[in-house]
């Protein structure tokens with residue numbers, strides 16, 4: 001078999017194995033060992049244990065569990081309800097203001113937690129019932145939270161961008177800065193659609209408006225602002241070169257746990273233990289995927305699949321925008337079936353040389369890739385955020401949630417188009433703060 005035929009066989013086998021519901025790490029490991037034994041001999045698997053653990057030797061990986069601790073601590077506290085309440089009091093009187101405030105809460109909570117499902121759960125538990133009670137349609141209420149939750153993998157500090165940085169050898173601090181403006185742009189596009197949908201009939205006519213006094217508007221800010229200060233501090237020390245990602249993540253996690261304990265009286269041993277136990281489970285899952293992906297990448301490289309795919313695309317001699325369109329379609333399709341971390345670890349090392357050969361910026365591509373992964377979070381068959389929302393509001397049919405989320409998918413596609421036309425949206429701020437990429 002040629003390397004390309006082997007690659008197709010590996011792709012088919014991977015999809016088939018993962019379709020059984022086996023954990024991703026075990027599925028990737030099984031496929032890797034199987035094809036190494038078949039095409040490179042049984043003796044080639046003698047070194048797989050070393051290869052597996054070599055995927056976890058990068059010290060930067062320490063940042064992942066630290067940021068997960070930070071997000072878990074926030075998700076376990078009433079910080080989400082305070083954030084939602086604060087924004088609702090300030091923005092509630094705007095046309096579609098309640099939906100806009102929910103999207104704003106999702107944006108900020110995403111930056112705090114770094115988790116899309118956690119954002120959907122934390123903001124949706126309060127936001128969806130309140131929007132429906134105030135007269136907004138079920139589709140708009142559910143769809144706005146599902147879409148707003150996707151910002152968790154783009155707005156820094158993002159675990160997904162850390163994984164991309166590790167997989168491609170790019171600067172994590174620069175990736176965080178590159179994701180800031182596009183993340184705010186997407187949030188703005190979501191808000192524009194929410195405003196339009198509300199005026200068109202998503203709830204503008206019969207919406208109940210609540211008036212708040214200045215005292216009520218200011219009451220929750222002291223609880224919200226310290227968390228925002230932590231995120232701002234993390235970004236500052238990263239782009240300023242004051243600390244490494246691992247150091248910034250460790251300090252951020254410690255401050256967040258301390259703040260949650262003091263502000264929300266979550267200092268009982270059982271409560272602290274629950275935070276670290278939940279963080280450990282998620283961290284181990286991601287680390288196992290990273291290690292298995294290292295083995296998977298080695299298999300593709302050893303069997304010359306990676307090199308053959310790159311040569312095939314280069315030999316097409318197509319316009320670079322055609323190459324980018326092909327890559328985007330590929331990412332969209334894989335994002336429909338696999339979680340963002342798995343897609344990035346499996347494809348970024350293969351795609352990045354192609355993207356750089358076509359003259360595109362690797363940091364810009366990281367943002368385009370991440371937005372593609374966001375689309376996968378609110379589209380079937382996986383669509384994790386859709387099922388989270390369905391669990392929060394079980395009386396809203398899944399089809400209704402999907403109908404409400406689809407317009408936001410189109411705004412994400414618009415975001416990708418804007419990034420293609422104006423790549424400076426992603427590259428301007430990191431170039432300004434850190435200088436041009438070397």
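The values are calculated or read from the model by the stated rules, or taken from the named source; none is laboratory data. Please read these numbers as outputs of a predicted model, since none were measured by experiment. Note that we place each Cβ from the backbone using ideal geometry, even for glycine, and neighbour counts take in every protein chain shown.
I'm trying to understand the selection: among the residues of region 296-322, which are without any contact (Cβ under 8 Å) to a residue 60 or more places away in the chain, surrounded by fewer than 17 Cβ atoms within 10 Å (Cβ to Cβ) and outside any loop (DSSP other than H, G, I, E, B)? Before you say what the answer is, go through the steps one by one.
Residues of region 296-322 without any contact (Cβ under 8 Å) to a residue 60 or more places away in the chain: 297, 301, 306, 310-311, 313-320, 322.
Filter once more, so that each one left must be surrounded by fewer than 17 Cβ atoms within 10 Å (Cβ to Cβ): 301, 310-311, 314-320, 322.
Within region 296-322, 301, 310, 311, 314, 315, 320, 322 qualify.
Among the numbered conditions (1) exposed (fewer than 15 other Cβ atoms within 10 Å of the Cβ); (2) in contact with a helix residue (DSSP H, G or I) (Cβ under 7 Å, 6 or more places away or on another chain); (3) part of a helix (DSSP H, G or I), the only one that residue 267 does not meet is (3).
Considering each residue of region 22-44, count those that are in contact (Cβ under 8 Å) with a residue 12 or more places away in the chain and over 33 Å from the mean Cα position of the chain (by Cα), and give that number. First the steps, then the outcome.
Restricting attention to region 22-44, the residues satisfying the condition of being in contact (Cβ under 8 Å) with a residue 12 or more places away in the chain are 23-36, 39-40, 44.
Next cut, over 33 Å from the mean Cα position of the chain (by Cα) only: 39-40, 44.
Qualifying residue count, region 22-44: 3.
Taken over region 323-345, the criterion of being more than 13 Å from residue 18 (Cα to Cα) and either in a loop (DSSP other than H, G, I, E, B) or touching a strand residue (DSSP E or B) at 6+ places or on another chain (Cβ under 9 Å) (or both) is satisfied by no residue. The residues of region 404-438 that are surrounded by 15 or more Cβ atoms within 10 Å (Cβ to Cβ) and outside any helix (DSSP H, G or I), listed by number, are 423, 437.
Just to check your reading of the model, which residue among 228, 235 is assigned to a helix (DSSP H, G or I), under 23 Å from the mean Cα position of the chain (by Cα), in contact (Cβ under 8 Å) with a residue 60 or more places away in the chain and surrounded by fewer than 16 Cβ atoms within 10 Å (Cβ to Cβ)? Show your work before the answer.
Working: 235 fails: surrounded by fewer than 16 Cβ atoms within 10 Å (Cβ to Cβ).
Among 228, 235, only 228 is assigned to a helix (DSSP H, G or I), under 23 Å from the mean Cα position of the chain (by Cα), in contact (Cβ under 8 Å) with a residue 60 or more places away in the chain and surrounded by fewer than 16 Cβ atoms within 10 Å (Cβ to Cβ).
The conditions of being more than 20 Å from residue 113 (Cβ to Cβ), at pLDDT below 85, surrounded by 15 or more Cβ atoms within 10 Å (Cβ to Cβ) and more than 22 Å from the chain's Cα centre (by Cα) are not met by residue 241. All conditions in (1) more than 21 Å from residue 382 (Cβ to Cβ); (2) surrounded by fewer than 24 Cβ atoms within 10 Å (Cβ to Cβ); (3) within 15 Å of the chain's Cα centre (by Cα) hold for residue 107, with the sole exception of (2).
Would you mind listing the helices (runs of 4 or more DSSP H) fully within region 116-171 where at least 2 residues are within 11 Å of the chain's Cα centre (by Cα) and over 23 Å from residue 411 (Cβ atoms)? Step through it out loud before you land on a result.
Working: elements: 116-134, 138-149, 159-168.
Passing ranges, in order: 159-168.
Say whether the condition of being without any contact (Cβ under 8 Å) to a residue 40 or more places away in the chain, part of a helix (DSSP H, G or I) and crowded, with 18+ Cβ neighbours inside 10 Å is met by at least one residue in region 369-384. No: region 369-384 contains no residue that is without any contact (Cβ under 8 Å) to a residue 40 or more places away in the chain, part of a helix (DSSP H, G or I) and crowded, with 18+ Cβ neighbours inside 10 Å.
Among the candidates 365, 336, 330, the residue that is within 24 Å of residue 151 (Cα to Cα) and touching a residue at least 40 places away in the same chain (Cβ under 8 Å) is uniquely 336.
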